[in-house]
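Please read the structure below before turning to the comments.
The values are calculated or read from the model by the stated rules, or taken from the named source; none is laboratory data. On a predicted model such as this, the values are computed, not experimentally measured, just so you know. Positions of Cβ are backbone-derived with ideal geometry, glycine not excepted, and every protein chain shown enters the neighbour counts. Surface areas here come from the heavy atoms of the whole protein model, side chains and all, with no ligands, DNA or RNA. Shrake-Rupley method; radii C 1.70, N 1.55, O 1.52, S 1.80 Å.
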Amino acid sequence: MRLLIIELRRSSLRWFLPLLIAVDLAAMFGRNSYWIGVWPQASAAVQLPSLYLGPALAASAAWAAGRHGGKQLGVIAGAGARPIWQTDVAVLASTLLYGFAAYLVGAATAAVVTVGSAGPGFLWPSYLLLGMTVLVICASFGHALARLLNVKFLAPVVAAIASFLALKTFGDPLGLLVFYGDPQLAISSRALLLRIALALFIAMSCVGVTSLVLRNGWRPPPKIVALGVSAFLASALVVVILPQAGRLVVERPAPKDPLCSMSTPKVCVWPEDRKYLPHLSLMAERLSRIPGEMFSVPAAFYERGLRGTSQDEVYYRDFQIIDGYLWSAADAMAGEVLDSAVAPYYCPAASEAEENRRTLAVWEIKVWLKSRATAAARPSLIRGGPPVDYSAIGHLITRPESEQQAWARERFDIIKGTRCA
């Protein structure tokens, strides 16, 4: 503890801690803010800055480790009152403590801005622990790199760049990063424990193996060498078995009592998505006001995962809120209304030209229904989708109801008039 306190006082991170906090907050709020008010989304948002905070800690750990100089370890060990591995542990731990402090400030900020609108609950610990494992891995890598390279100024640059590129390339395949905290999904406990073990093994190997490689006449304690080599082999083993150990994010069981609206049609969501329920209820009511001679609105709309798992067909019919945009939910809700109206008239078309005409008519009606549900044209930030004139349909929903009905009947006449093969 005395060594750790000394290193905390000596660390240059005590001056750069505000910068680390700024990096964390910028990564959390700079990407988007739809996660505010939804606990699992906020938890994922807290974890995601590790993509940037990790490389910053790798550079910091490399700088701190480089102060002692790799080739001088033998001299230091011979003259020092304590084993060099204890100094290594203290240096690495001090860097991690500053990194954890910046990370937890970001978590506290996310909790403060979320608690007012999210309802019962709190940040999910699994996401926070996943981000901390990334910080441990990156800091350990930077520490070991500085010991091995013995280049004081080059090692932090190499550590930061290499860590960032590795996370961008392998972070998602290895399950070290989660980009979205959808309420129907959760982090697997078994998968998380494997990643925590990987981080601890890497940290231990960085102390034991570097001591063995750079002993320079100084003989490290056999127990430390054995521990380091074992941890290194264990790290390699965990990396190999990670892809075969199952997915990091798995489906949650549906709650017994989902949160449902009192309106008609009924709308049910995961309790964590309660902030969207008033808007979704209004969307369902707008769809129900469309004259029923052409459309039949279901009695209830459900968020994805409430009525089954990904193995069930109904799972993909239910709506999902993507990036906080209700346009994605409107797509599924409009699809349910449209399917009931189009299905009785569907058959394989007699020609490709007729199939294309019918497909375009179906797309146009669906976009019209989505626009009616949201009472707005497609958001400008939404890209892709069927090749229809979104601006024209956005203008159409502002026209009188009779004009809109005439437009919809023209499309239905195309659908009904399609000759079957």
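List of remarks:
- Fluctuation leader among Ala159, Ala392, Ala108 - the chain, Gaussian network, Cα springs under 10 angstrom: Ala392
- The chain: DSSP helices with Cα axial extent of at least 30 Å and average Kyte-Doolittle hydropathy no lower than 1.6: 189-213
- Projecting the Cα atoms of Val89, Val157, Leu48 onto the charge dipole of the chain (Cβ charges, centred on the Cα centre) puts Val89 farthest toward the positive pole.
- Carbon/sulfur fraction of accessible area - segment 121-170, other protein chains in place, 1.4 Å, %: 82 percent
- Fraction of accessible area attributable to carbon and sulfur, segment 338-421 (%, probe 1.4 Å): 55 percent
- Two-decimal log10 I(q)/I(0) for segment 334-421, as the Debye equation yields it once each C-alpha is a single scatterer, q = 0.17, 0.19 Å⁻¹: -0.73, -0.88
- Using a Gaussian network model of the chain in which every pair of alpha carbons under 10 angstrom is joined by a spring, one finds that among Arg378, Arg195, Arg357 the greatest mean-square fluctuation is at Arg357.
- Segment 124-193 versus segment 227-261: alpha-carbon centroid distance in Å: 15 Å
- In the context of the full set of protein chains, the chain has a per residue accessible area of 47 Å² (1.4 Å probe).
- Using C-alpha pairs under 8 Å with a sequence gap of at least 6, the mean separation divided by the residue count of the chain gives a relative contact order of 14 percent.
- Where chymotrypsin sites (Phe, Trp or Tyr not before Pro) fall in DSSP loop in segment 327-421, at most 12 other Cβ within 10 Å: none
- For the chain, a Gaussian network of Cα nodes joined below 10 Å ranks Glu251, Glu293, Glu285 by mean-square fluctuation, and the top entry is Glu293.
- The alpha-carbon positions of the chain define a convex hull whose volume is 174 Å³ per residue.
- By the Cβ-Cβ criterion of under 4.7 Å, the unpaired cysteines of the chain are Cys138, Cys206.
- Rounded accessible area of Ser380 (nearest 10 Å², 1.4 Å probe): 90 Å²
- Helices in the chain, meaning DSSP H runs of at least 4 residues, each add -39500 (n - 2.57). Divided by all residues, the mean residue ellipticity at 222 nm is -21000 deg cm²/dmol.
- Here is the result for segment 233-302: no chymotrypsin sites (Phe, Trp or Tyr not before Pro) lie in DSSP coil with at most 16 other C-beta atoms within 10 angstrom of their C-beta.
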